[in-house]
Amino acid sequence: MHKILIVLTVIYIAFAAVQYNDPDPYFWIFLYAFIALLCILRIFTNRLSVVTSLGIVAYSIIFIWRVSTMFELSQRDAYSMEELKEAGGLLLSCATLIFLHLSCRYKRTSIGYDGND
C-alpha cells in the first residue's frame, strides 16, 4: 500500500508541477497538490474519511462544471483539447480520492496493515 501511495504522490506532484504555464495555474496546482498531500497523509494515518468524502464531492462538482462548460463551448465552436485534458485530470483525481477513501478502511497495526497489501 505504501508503494502505491508513494507512486501516486509523485504522479500528482508532477501533475501540479506542469501546471505552471496554464492560464489558471494556481487553481490546478492546488487541486493536484491537495491530492498529493492526501496521499502523503494516508501513509501515516487512516483517519482521512471525512476529508476524502468532502474531496470526492468537491472534485465531482468541479468535474461536472468543467464538462458542462466543455459541451457548451463545443456547441459554439471547437473547444480546445485543454478542457478535455482538464476534465480527464479531474476524473483521475476523483478516482484517486475514491481509492484513498476506500483505503482508509484498513486498520494500521504496529507492523503494517491488517489484510493484504
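FYI, it's all coordinate maths here, none of it is from the lab. Nothing here was measured: the structure is a model prediction, and the numbers come from that model. With ideal geometry, Cβ positions are generated from the backbone for all residues, glycine too; neighbour counts draw on all protein chains shown.
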Starting from the Cα of Met1, move 7 Å in the Cα-to-Cβ direction to define the label point; list residues of the stretch 84-102 whose amide nitrogen is under 18 Å from there. 96-102
Starting from the Cα of Ala58, step 7 Å along the direction of its Cβ; do the same at Ala95; then give the gap between the two resulting points in nm. 2.2
What is the sum of charges, Lys and Arg at +1 and Asp and Glu at -1, for the other residues whose Cβ falls under 14 Å from the Cβ of Thr52? +3
Between Ile11 and Thr69, what's the calculated FRET efficiency when r is the beta-carbon distance and R0 is 35 Å? Round to 0.05. 0.90
